[in-house]
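Notes follow once the structure below has been shown.
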Amino acid sequence: MMERLGLGDVWSKLPGPVRHGLLPAVVALLLVLYPSYYTDLTSLIGTNSTESQLIPTVPTMVIMTVYVVMALGLNVVVGYAGLLDLGYVAFYAAGAYIAGWFATQQFTPHDVHLASVGVPHSVQGIHINVWFLLIVGAVFAALFGIVIGLPTLRLRGDYLAIVTLGFGEIVPQAVNNGDNWFGHNITNGPNGLTPIDALGFGSLHNQWAFLPSVYYSVTNATSYYYWTGLALVAFTLFCCVRIRDSRLGRAWVAIREDEIAAAAMGVPLMRTKTLAYAIGAFFGGMAGCFYAIYKSSTFPGDFSLNISITVLCMVILGGMGNVWGVCLGGAVLSYLNYQGLEAVGNNFNNIAGTSFNVPQYTYGIFGLIIVVMMLLRPQGLIPGQRRKVELELGVEGGSMYEASAQ
Amino acid sequence: MTTRVQTARRPMLAALPRFSQQINRVAQWIVVGLFGVWIVGNVLSAPQQVLSVLLLGITYGAIYALVALGYTLVYGIIELINFAHGDVFMLGTMVTITVANGWLGLDGTQAWYTTIPLLLLTLAAAMAFCGGLNVAIERVAYRPLRNAPKLAPLITAIGMSFLLQNVGAAIWGFNERPLTSSGASIFPSKTLFNVGGFPYREKSLLVVLITIPVLLVLTYLVRNTKPGKAMRAVAQDMDASRMMGIDVDRTIAFTFALGGALAGAAGLLFVMFQTSTRFDLGFQLGLFAFTAAVLGGIGNLTGAALGALVIGLIQAFNEGLSWHTPGTDWTESIIFAILILVLVFRPQGLLGEATADRA
């Protein structure tokens, strides 16, 4: 006897990995293919129409991947370990300047070429393979995080926030004045470092034709940067999820919820906090390095406090501690920052016949988002299960960040 | 069966904590000593310059003191770093311009007997505006979060700060805003005397002369009046004071009003002294003032005033002296470095008491 199977029955009979993996797989596939159907999307709405400006362009998508990586990194510090970091941009700067120093003509009398692609030997300066620099930038930022973290992580809660804010203000100024550190031009000051070498696969191109030997040699270079950015997001996501479920991740959550109890259970506070800092900084540095390579330049003006606040806003909007929420928050806010607000403003002006300059008020809008989110939905758009429980119960049992002796 | 007694291995640096306090103290003295050497070096190389810069620093310090007191009052009572406070100050500068120049028509050409009453009126307006605004912010953004995790109101304060900046920019524009169209100050600005080629003007003296009575009134309010006593009680123990019949919400609102009024006064003095303002200068000046509050010992009123004086002097010295001085480019870095060093090595500040909780 044949029983008719409804769609729901078929779905529930599928093996677990398929059920849980289908949605992420579809999303991933759609994201990877984005550059190929972007033009179709715009023509669907009407090419060159004001409405089509709302569709994120491929360059915007590259920036979105950068910010998602940064937001995921900050999520490790703020979301997992509960340490408020207002100077995250310092790590971003560290990564960006690694790319700036070792893949430009900055140190011109010195002439080092190390597996660099697309740089003729006549070009002087230090040129190290930029893939390698992505790792170096991330590791340098992590070390920087440890150096900043060791003296300051003894402080708690709001004091830590203000110290990191201080570092976040000192670093851009030091970089800005870096054209004259005791008479040496290290960072080229406000003029920044440019051009930075492009990514590329060099001789691998001969084996696999779809890998460009150097990105600027192909017409759809931005798509390649986008795919590289997606790969970085995937790597970061993988690391974040794995670390969250590891012994270290559980230690972070324990510290976030009750520092003294965690210490009593044998969690080494300083080491665990410093590791949170270092790992968060690692991804910040990687994002900074990648962004600098993509823009082919780095300037001190890129590292204002606003960036730190924006990334924090992404983590809060998405839901502290939940990687998917943070991805969503990072994507939405960076989209709004680089394209969305302007497009929305243009559309609004078109319809209402006004002339608001919406992008001017970007940070005011972000501020409003922060305030409204904290007041109405402090757990974020997609809260982590655990965080939700904490926010509901945390009030009763006293504060959850500040488990201090009172 | 043999039992092995495990002895804890002695870490290599186990002795370090015993000495760390001494190291700390020595390091503090070294820092103070280097600072002294630097000052003496400058005095020897250009004594008159030091004197003129000193006077400028006192003026900066007076303005910072008024803002820093707002931070320290609020921190003292609800342990919140009110990031939005600097932007309340900025709105105070803007309101001062609108009232004094726009509504009352002051532009520095009037005689003193018209100027002074109208200036007092402006001062009252700016203080009332900023006090009211601060109370409104507390009511809307901080009060609902009073029992939330401690970082929640802090993050809200940052959001509020950005919001206020953009409100200021939307109303008064994104460009530098001059006090009067001629660029003159409304305060009398005749040169009183010259020190080493730098004029000391009447307006600098006025800033200090107005700050001192304001500080005295504040001290009186907090020490001798009933709301002041309630403030101190709430700062010590919120629950106990509620049991004693103190209206905690009203007391906190009063504290915010007081802090806001001080920021309004600071706004007036700042814009009279500098003769222009901008929508985004509040955040940074606020951070400087917060550094001053931390340096003096947060929660301590005298400490905030003292810390503000020190920060004002350091800024003026750094920007005005020439012997081994980093210069204007590094002012922010120096002040934030002081902030970090104080928080890490002496979290109780110059005058605060050591508490286990703060660091």
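Each reported figure results from applying straightforward, stated rules to the coordinates on display, with no laboratory input. The shown structure was predicted, so the numbers you read here are calculated from the model rather than taken from an experiment. So basically every Cβ, Gly included, is an ideal-geometry build from the backbone, and we count neighbours across all protein chains shown.
Here are a few things to note about the model shown:
- For residue B:226 and residue B:24, the FRET efficiency from 1/(1 + (r/R0)^6), where r spans their Cβ atoms and R0 equals 51 Å, is about 0.75.
- Share, in percent, of DSSP beta bridges within the protein assembly as shown that are antiparallel, nearest 5: 70
- For segment B:100-109, backbone phi angles converted through the Karplus equation (6.51, -1.76, 1.60; θ = phi - 60°) give residue-by-residue couplings of 5, 8, x, 8, 8, x, 6, 9, x, 9 Hz, Gly and Pro being listed as x.
- Max mean-square fluctuation residue, GNM over chain A, Cα-Cα springs under 10 Å, options A:37, A:277, A:80: A:37
- Rg ratio for chain A: its Cα radius of gyration over 2.2 N^0.38 Å, N being its residue count, equals 1.06.
- Magnitude of the charge dipole, segment B:244-359, Cβ model with Lys/Arg +1 and Asp/Glu -1, debye to 20: 100
- Proxy reagent accessibility, fewest Cβ within 10 Å first, across B:180, A:152: B:180, A:152
- For chain B, built as a Gaussian network whose Cα springs stay under 10 Å, the top-fluctuating residue of B:72, B:96, B:325: B:325
- Distant-in-sequence amide H partners of residue A:126 (H built 1.01 Å from N, under 5 Å): A:104, A:106, A:107, A:112
- For residue B:192, residues with placed amide H under 5 Å, excluding near neighbours: B:200, B:201, B:202
- Under the criterion of Cα pairs below 8 Å and six or more residues apart, the relative contact order for segment A:56-304 equals 39 percent.
- Stokes-Einstein D in µm²/s, Kirkwood radius over Cα pairs - segment A:131-283 at 10 °C with 1.306 mPa s viscosity: 84
- Gyration tensor (alpha-carbon) shape descriptor, chain B, a/c threshold 1.5: oblate
- Once the C-beta distance of residue B:136 and residue A:50 is scaled by a Förster radius of 30 Å, the resulting FRET efficiency is 0.20 to the nearest 0.05.
- Among B:134, B:300, B:147, the residue with the largest mean-square fluctuation in a Gaussian network model of chain B, with springs joining Cα atoms closer than 10 Å, is B:147.
- Between the alpha-carbon centres of segment A:298-362 and segment A:90-115 there is a gap of 29 Å.
- Cross-link partners of residue B:226 among aspartates and glutamates, defined as those whose alpha carbon lies under 19 angstrom from its own and excluding same-chain residues fewer than eight positions apart: B:237, B:239, B:247, B:249.
- Working note: Cα gyration tensor of segment A:83-187, eigenvalues times five, square-rooted, sorted largest first, giving semi-axes of 32, 16, 9 Å.
- Separation of alpha-carbon centers, segment A:7-62 and segment B:254-307, rounded to whole Å: 51
- Measuring r between the beta carbons of residue B:284 and residue A:18 and using R0 = 41 Å, the FRET efficiency lands at 0.15.
- Average silhouette area of segment A:108-157, convex hull of alpha-carbon atoms, in square nanometres: 5.1
- Residues of segment A:346-375 with amide N under 13 Å of a point placed 7 Å along Cα→Cβ from residue B:170: A:356-369
- Mean residue ellipticity at 222 nm, helices only, the protein assembly as shown: -21000 deg cm²/dmol; runs of at least 4 DSSP H residues each add -39,500 (n - 2.57), and the sum is divided by the number of residues.
- Sequence of B:127, A:320 once ranked by neighbouring C-beta atoms within 10 Å, starting from the fewest: B:127, A:320
- The relative contact order of segment B:48-280 comes to 41 percent, based on Cα pairs under 8 Å that sit 6 or more residues apart.
- The spacing between segment A:281-295 and segment B:190-250, judged by their C-alpha centroids, is 47 Å.
- Rh by Kirkwood over Cα pairs, then Stokes-Einstein D for segment B:226-325 at 1.567 mPa s and 4 °C, µm²/s: 82
- Bins of 10 Å, starting at 0 and running to the largest distance - Cα pair percent for the protein assembly as shown: 3, 12, 21, 24, 20, 12, 6, 2, 1, 0, 0
- Per the Debye formula on identical point scatterers at the alpha carbon atoms of segment A:1-115, with no solvent, log10 I(q)/I(0) at q = 0.18 Å⁻¹ is -1.06.
- The ranking of A:154, A:244 by Cβ neighbour count inside 10 Å, starting from the fewest, reads A:154, A:244.
- Prolate/oblate/rounded label for segment B:97-152 (Cα gyration tensor, a/c 1.5): prolate
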